[in-house]
Amino acid sequence: MRLTKLSITADILHNERMKNDMEHPIFKIEEHIATISTSKKSTLELNRVSFNDYPAKLDIRRWGTGPDGERIPYKGVQLNDYEFEALRKIIADE
């Protein structure tokens with residue numbers, strides 16, 4: 001594979017965008033489904049969330065509140081509809 005200056009530049013721009021997306025995610029909670037638990041500093045919620053303009057997925061995540069009242073997403077897991085249905089079946093079989 002022959003690398004050109006243009007392809008290297010495109011790869012660098014893509015990697016920078018991906019790095020920026022991970023460091024500063026843009027999110028939109030499209031549907032709040034349930035609050036699973038609450039603590040003094042955060043809530044564990046089930047929502048349908050879109051990150052960085054990708055299609056929304058089911059999202060189980062802790063959410064905190066910043067000093068300005070903005071929502072801060074902590075670590076969590078996103079499931080597409082197929083993955084959620086598989087998880088639901090596993091739990092129902094238990």
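Structural remarks
- Computed over all pairs of different Cα atoms, the Kirkwood value for the hydrodynamic radius of segment 25-93 is 12.8 Å.
- Full extension of the chain segment joining residue 52 with residue 88 gains 10.3 nm, where the gain is 0.36 nm per residue of separation less the Cα-Cα distance.
Here, each number is a calculation from the coordinates, and none is a lab measurement. For clarity, every value in this text was computed on a predicted model and none was experimentally measured.
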